[in-house]
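The values are calculated or read from the model by the stated rules, or taken from the named source; none is laboratory data. Everything quoted here is computed from the prediction, not taken from an experiment. Cβ placement follows ideal geometry from the backbone for every residue including glycine, while neighbour counts extend to all protein chains displayed. These accessible areas exclude ligands, DNA and RNA; they are computed on the full protein's heavy atoms, side chains included. Shrake-Rupley method; radii C 1.70, N 1.55, O 1.52, S 1.80 Å.
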Amino acid sequence: MVSFKELHEADFSAVSDAAEAWSGVAKALTSLDGRVAKDLTNTAQRAGWKGVAADEATKALQGIDGDFKQASAVATALAAIMKTAAEDFAAARRDLDAALHDAQAEDLTVSADGTVSWTLPKGARNDTDGEVLARDLAAKSKAISDRLSKAVEKATAADQRATLHLQTDIGTSNTAFNPTPGGTGPVTDAKRATELMSTVGGLTDDQLKELETLLAANAENKDFSTTLLNGLKYGAKSGPEAFLEYTKILDGLAHGKHNAKGYQDVYGDLSVVLATATRDGGMGKDWESDLFAAARRPTPGAVGLNDNYPALTALMAAKGTFDKAFVRRVGTDLLDYEASTKLKGDDLWGPQFSYDPRNGDPLAPLLRMMKGDRDTAQAFLDPSQNKNLVHLLKDRDWLDEDQERKLPTDVLRDTSHKLFADMLEDATTSHGPAKNQHPAPHDQVGVRIMDETLKTLGGSDPKDTTVAEVLRKPVARMLADYAPDMHEILSKDLQHPSQPNGLTAKPEQLLRVIRGALDDPDTFQIIHQAETKEIARRLDEYGPEAFQPDGTRRPNYKLEAFTKESAQALGGLDAAFAKAATDHADERKAGLDWQQRMLYHEAGTPVGLLPVVSKVLPLGDMAQRLVDIGTADYTNAAKDSVDVGTAADVSSKFSAGRIQLEGMLKEKAGQYGVGWDSADTGSVPNLLQHDASEFYNNGINTTYHSAFGKA
């Protein structure tokens, strides 16, 4: 086993020198081919040397010629082995050096034993963006760690492969050369490995060591891997069925008391074999279909219980680096299988589903393999390609939320449910090359996933306000990322997809999703701040002429339309705010004031914001001032308690959004030196205030009732 330190510090030039030396020996020996018998016997024979002694001498000299010929073949084989080993070691070293270089560029620390670590910048430790930054650094750290491990594994495989071929070509005799040098190869090795696998439960120590060596040396070879998988048999089973049986047997032996380490190595290398064989569709569609069919088969003797899919995904997670398309296909078939059976959770996957939050769910290893790969995440969740998204959002059984709530943060972060939440956010919020422009464009796949998420979670029933706990903050950040579309959906009676991204979810669905997210009180700050920034951005585009009356003493028609739309959007948000506050009113008895927890911690100083909001939606100084004014006015106005009685007539008892908008309009007018006296009947400020009040009331009452079904 090659270590990180050995690979990092080794000088492989000696291996190259040995290859050159053996090549020279091979050439020298080849030049002697046939010369001994010919040069030493021809002269004597021409002189008439005959008889028994002459015949015996000729035979002996011909035998020496044969030895030289065999020695030449062995030397040639040795030179080739050493040359290949030198190239493999050099390739592994290049991979290691490249990973170390990238680690340094990402401000990651790599210790002497290859352990990768990271620390948050001092300024981010106490900020609410720390969660996202920590997740990003953890993902980068894992990616570098995986690359370092793969480089070390590559060097180890090269070492074991060279050792195996050297032993084979040199032979085991002390008095004769190997008569068939170079007689091994991936196909031959695979057939031998298949023979050993057939008795895997009863291997001797030497046989286990031989199987370990064969797999370690060849697991990344396509011919070896496909030959091995196609040749497996277990009783009457063959192909994928036999493969899954051996997977379960090896997993058991790897956790046994005898030769556990050896079987762990075999199990891990079998994972590499599967990864190698299935790369680029190498096993073919029929074999893959048979694998999925075998994985779906229930455990014999257990009603409905399935241990085949857990065995498959656990093996995949053991060591192999799988083609992402294959991982995606396995995941899609697993979810299709779940959807097709009435059994769920523990009843389908066994008690480990709940007992082991990290690994009991067979979906978890697949999500980890897809983590951080946005293209794979999008393909896996794209509703135009499969039904995965709806199943994961609505129909799937996850861990009980009470159990999730009690898990340590590092454990929760690695559960299948949280991995899905992170994947969903990544698939919908990332942007292309133009991510710094406004509005930041989203690609079509991300938009489809976002739209389906809103429709699925928002549903068609006023009671559809449930958003899973691990999804609440990700959903809030997703909504913030689509702030222009959210503003349009809430503020207009759209008869067409929203701009700029083309969402088709209805305002009632959007409001129900927002309400569900507000069961985490920190999410209101994220969503409200994004809407406030969107209003500020649009308001900042109006010049001083917009605040002057037109020829009929009416306000500028564009500013008037903007005021009405913004008021309605803020009314919709406040409807969700009021609904969440009244739904959690009973928690005040336990000392938890949900309303106050949802508000900004300090007027004018928003919390709970994440980099995606500030980076994707950069604001100018004047627009940022509008945000600060609006945030402060909202916070001060929203402090009055919302109780159950508020639900009967929300707008008459809650007006924070309207006050916020009026404050922002007044501030914008003041930036141009325009006076703002809303008490002056018939003035532009007075008329805009009236518009804001009317449409805010409409937004907060109408959407409250239509979205949440309150009379």
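Ignoring any ligand, DNA or RNA, what whole percent of the accessible area of segment 651-711 comes from carbon and sulfur when the probe is 1.4 angstrom?
47
Rg to Rh ratio, segment 656-711, alpha-carbon atoms and Kirkwood radius?
In segment 656-711, Rg relative to Rh is 1.13.
Looking at segment 1-30, which chymotrypsin sites (Phe, Trp or Tyr not before Pro) are DSSP coil and have at most 10 other C-beta atoms within 10 Å of their C-beta?
none
Going by accessible area, probe 1.4 Å, with all protein chains left in place, what is the ranking of H255, H705, largest first?
In descending accessible area the options line up as H255, H705.
Which length gain, in nm to one decimal place, applies between T115 and E541 when the Cα-Cα distance is subtracted from 0.36 nm times their residue separation?
Additional length available on full extension: 148.2 nm.
Sorted by packing (mean other beta-carbon atoms within 10 Å per residue), highest first, where do 451-464, 665-678 land?
Those peptides, ordered most packed to least, come out 451-464, 665-678.
Which log10 I(q)/I(0) values, to two decimals, does segment 482-527 give at q = 0.17, 0.20, 0.33 Å⁻¹ under the Debye formula with one point per Cα?
-0.48, -0.64, -1.19
Once Rh is set to the Kirkwood radius over Cα pairs, what Stokes-Einstein translational diffusion coefficient, in µm²/s, holds for segment 225-353 at a temperature of 20 °C and a viscosity of 1.002 mPa s?
For these conditions, the coefficient is 142 µm²/s.
Mind ordering 259-269, 340-350, 219-229 by average Cβ neighbours within 10 Å, highest first?
My ranking of the peptides, most packed first, is 219-229, 259-269, 340-350.
Would you mind getting the accessible area per residue of segment 512-588, heavy atoms of the protein chains only, 1.4 Å probe, in Å²?
With all protein chains present, segment 512-588 gives 30 Å² per residue.
Which entries in K150/K248; K140/K506; K233/K261; K5/K418; K248/K324 show an alpha-carbon gap greater than 30 Å?
In this structure, K140/K506; K5/K418 lie more than 30 Å apart at Cα.
Compute the accessible area per residue over segment 438-507, keeping the other protein chains in place, probe 1.4 Å, unit Å².
37
What GluC sites (Glu not before Pro) does segment 522-585 have in DSSP loop regions with at most 11 other beta carbons within 10 Å?
E541
Roll a 1.4 angstrom probe over the protein heavy atoms and tell me the percent of accessible area of segment 444-543 that is carbon or sulfur.
Carbon and sulfur together cover 43 percent of it.
Of all accessible surface on segment 329-422 at a 1.4 Å probe, what whole percent is carbon and sulfur?
47
Send over a whole-number figure in Å² for the accessible area per residue of segment 257-404, probe 1.4 Å.
43
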